[in-house]
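J.: Next up is a structure, given as structure tokens.
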Amino acid sequence: MFSWLGTDDRRRKDPEVFQTVSDGLKKLYKTKLLPLEEHYKFHEFHSPALEDADFDNKPMVLLVGQYSTGKTTFIRYLLEQDFPGMRIGPEPTTDSFIAVMQGDVEGIVPGNALVVDPKKPFRKLNAFGNAFLNRFVCAQLPNPVLESISVIDTPGILSGEKQRIIRGYDFAAVLEWFAERVDRIILLFDAHKLDISDEFSEVIKALKNHEDKMRVVLNKADQIETQQLMRVYGALMWSLGKIVNTPEVIRVYIGSFWSHPLLIPDNRKLFEAEEQDLFRDIQSLPRNAALRKLNDLIKRARLAKVHAYIISSLKKEMPSMFGKDNKKKELVNNLGDIYARIEREHQISPGDFPNLKKMQDQLQAQDFSKFQPLKSKLLETVEDMLANDIAQLMVLVRQEESQRPTQMVKGGAFEGTLHGPFGHGYGEGAGEGIDDAEWVVARDKPMYDEIFYTLSPVDGKITGANAKKEMVRSKLPNTVLGKIWKLADIDKDGMLDDEEFALANHLIKVKLEGHELPNELPSHLLPPSKRKITE
């Protein structure tokens, strides 16, 4: 059992005891942050109030992309199983938001029923109305992948103003709602269709505050030649650079995420390596879920603080009797100056402020006379939460991580390459010859022997100094050569015999070919005469 005891003088006399990080986050939100949000109408401007399900739900992955980029196929590839409501085709087929979640029996739960289920984290989506709820379903099915994560499939993004109007709901706002609550956002691009439509550009900008969750997949990359792929990759990075205004480059994974044969197999190794990197990223989500929720709560608290300062400043500037309408227009137009003043007075980072244009639009419909003045006690409570409670909750996060078994996404496509000869890198690099009856180094040993006997061996062994003269010819750094020496000097006598010298050269070759060195020498690389020593 985990316990976290509050000791600050301003807290209750009875110490608080939280069993889990999730319990701690719920308690902190309800008792310290929620009162500030409600007092300054935070939910009308930014995000609905959080519920218990938001803290308890499994990690979620949101898939976003233009039509026919392979979003639904990507989910099918991960699950290795069809899911209810799945439709795949070259035309825009997925016309709904589909939450693919674990369930005992296959079935579909419609949106209106979904938003009244307290166990699901979707209750606040009812604010988007029937036009959206009629296009929102939950596909439930038993699947080992879904025991650890849930996946949100989204409608394909089209171009043109007409498509935006036809939807009947604010598509970008719905995606922003999901982005705040998911653990990973995957943007999918088709290697044949790199044009970023107006709506897709708008969507990416709506996800602006969640770059840390975003990953990009360049899908269907097996359909173009290597030279074209390089050009497509460069064009994609250029296009993203114009929309995502961050100094860091978003991680792009290149591959073909479906179970069909590769059309052009030239880049098979690249695709396998990229797939493994992406899988590792997704598999880490359950392990980092508590930390992500903690991070999102901190981001929300910082925004709520700034919002309180903005609303209270507008209230302070409003006249008590006459000229309210004119003053309201003036304040909205000069909101940028108010931002700058709050930034100076309260030492707040510019990055913590909400989007200026969006805030101005939202303020137009508000009655400033109903805004509340600054209430220091509410702000002090949130400051205390950020300064003390969050720091102690971080300790509990680490305790939970250390005392729980390693949490990873299992099943489906994640199992296919874990074991056996189709594991990534199997039989390559240091793994070469793993299934051979003969010692793999013996193939090149005659060549290494010729070099060995030119290095003045004494009693069948060469000194470390003589071995170094030959090994440095590889131009590898001393740190790498030192590791190779430790692996090759099996009997630890500070000298190398002919087999150990051949092994050292084999490992140098492995490294020069771009493979990583093992931390411990694999059993198949042990020289035949040394295998009894290690037993």
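J.: Mind checking whether some residue in the stretch 28-40 is at pLDDT 85 or above, open to solvent by 20 Å² or more (accessible area, probe 1.4 Å) and either part of a loop (DSSP other than H, G, I, E, B) or farther than 13 Å from residue 385 by Cβ (or both)?
T.: yes
J.: Does residue 68 satisfy the criteria of being open to solvent by less than 10 Å² (accessible area, probe 1.4 Å), outside any strand (DSSP E or B) and among the polar types (S, T, N, Q)? Don't jump to the end; show me each part of the working.
T.: Working: open to solvent by less than 10 Å² (accessible area, probe 1.4 Å): no; outside any strand (DSSP E or B): yes; among the polar types (S, T, N, Q): yes.
In short, no.
J.: Just for the stretch 181-198: of the residues that are surrounded by fewer than 19 Cβ atoms within 10 Å (Cβ to Cβ) and among the charged types (D, E, K, R), which one is nearest to residue 264 (Cα to Cα)?
T.: 193
J.: Scanning for something in contact (Cβ under 8 Å) with a residue 12 or more places away in the chain and more than 21 Å from residue 516 (Cα to Cα), does the stretch 473-486 turn up at least one residue? Write out each step before concluding.
T.: Here is the first cut: in the stretch 473-486, the residues in contact (Cβ under 8 Å) with a residue 12 or more places away in the chain are 474, 476, 480-481, 483-485.
Remaining after also requiring more than 21 Å from residue 516 (Cα to Cα): none.
Among the residues of the stretch 473-486, not one is in contact (Cβ under 8 Å) with a residue 12 or more places away in the chain and more than 21 Å from residue 516 (Cα to Cα), which makes the answer no.
J.: While we're on this one: Could you count how many residues in the stretch 214-233 are crowded, with 16+ Cβ neighbours inside 10 Å and among the polar types (S, T, N, Q)? Walk me through it before giving the result.
T.: Residues of the stretch 214-233 crowded, with 16+ Cβ neighbours inside 10 Å: 214-222, 224, 229, 232-233.
From what's left, among the polar types (S, T, N, Q): 219.
Count: 1.
J.: Got at least one residue in the stretch 506-514 being at pLDDT below 90, within 45 Å of the chain's Cα centre (by Cα) and under 27 Å from residue 273 (Cβ atoms)? Can you show your working first?
T.: Start the filter on the stretch 506-514 by keeping residues that are at pLDDT below 90, which leaves 513-514.
Going one step further and asking which of them are within 45 Å of the chain's Cα centre (by Cα), we end up with 513-514.
Among the residues that remain, those that are also under 27 Å from residue 273 (Cβ atoms) are: 513-514.
Yes, that holds for at least one residue.
J.: Does residue 391 fit the bill of being closer than 30 Å to residue 409 by Cβ and buried (at least 18 other Cβ atoms within 10 Å of the Cβ)?
T.: Answer is no for this residue.
J.: Evaluate the following for residue 460: is it touching a residue at least 24 places away in the same chain (Cβ under 8 Å), among the small types (Gly, Ala, Ser) and exposed (fewer than 14 other Cβ atoms within 10 Å of the Cβ)?
T.: In short, yes.
J.: Could you run through the stretch 448-472 and say how many residues are within 48 Å of the chain's Cα centre (by Cα) and either outside the structural domain of residue 509 (by the TED database) or farther than 24 Å from residue 520 by Cα (or both)?
T.: Going through the stretch 448-472 one residue at a time, the tally reaches 1.
J.: Can you give me the ranges of the helices (runs of 4 or more DSSP H) entirely in the stretch 85-193 with at least 1 residues that are modelled with pLDDT under 90 and among the charged types (D, E, K, R)?
T.: Details: elements: 111-114, 129-133, 161-167, 171-181.
By residue number, 161-167, 171-181.
J.: Restricting attention to the stretch 287-303, which residues are of a type outside the set (A, V, I, L, M, F, W, C) and either open to solvent by less than 20 Å² (accessible area, probe 1.4 Å) or within 13 Å of residue 21 (Cβ to Cβ) (or both)? It would help to see each step written out before you state the result.
T.: Residues of the stretch 287-303 of a type outside the set (A, V, I, L, M, F, W, C): 287-288, 292-293, 295-296, 299-300, 302.
Scanning the stretch 287-303 gives 287, 288, 292, 293, 295, 296.
J.: Grab the helices (runs of 4 or more DSSP H) fully contained in the stretch 346-411, keeping just those with 2 or more residues being within 30 Å of residue 323 (Cβ to Cβ) and of a type in the set (D, E, K, R).
T.: It comes to 356-364.
J.: Looking at (1) touching a residue at least 60 places away in the same chain (Cβ under 8 Å); (2) surrounded by 14 or more Cβ atoms within 10 Å (Cβ to Cβ); (3) within 30 Å of residue 80 (Cβ to Cβ), which is the one condition that is false for residue 95?
T.: Every condition holds for residue 95 apart from (2).
J.: Against the definition (in a loop (DSSP other than H, G, I, E, B) and open to solvent by less than 60 Å² (accessible area, probe 1.4 Å)), how does residue 496 come out, yes or no?
T.: no
J.: Does residue 59 fit the bill of being under 20 Å from residue 148 (Cβ atoms) and within 20 Å of the chain's Cα centre (by Cα)?
T.: Details: under 20 Å from residue 148 (Cβ atoms): yes; within 20 Å of the chain's Cα centre (by Cα): yes.
When the stated conditions are applied, residue 59 passes them.
J.: Hey, can you tell me all the residues within the stretch 115-134 that are buried (at least 20 other Cβ atoms within 10 Å of the Cβ) and more than 26 Å from the chain's Cα centre (by Cα)?
T.: Result: 128, 132, 133.
The values are calculated or read from the model by the stated rules, or taken from the named source; none is laboratory data. This one's a predicted model, so the numbers in the text were calculated from it and none came from an experiment. Cβ sites come from the backbone with ideal geometry, for glycine too, and all protein chains shown count toward neighbours. Heads up: the accessible areas ignore ligands, DNA and RNA and are worked out on the full protein's heavy atoms, side chains in. Shrake-Rupley method; radii C 1.70, N 1.55, O 1.52, S 1.80 Å.
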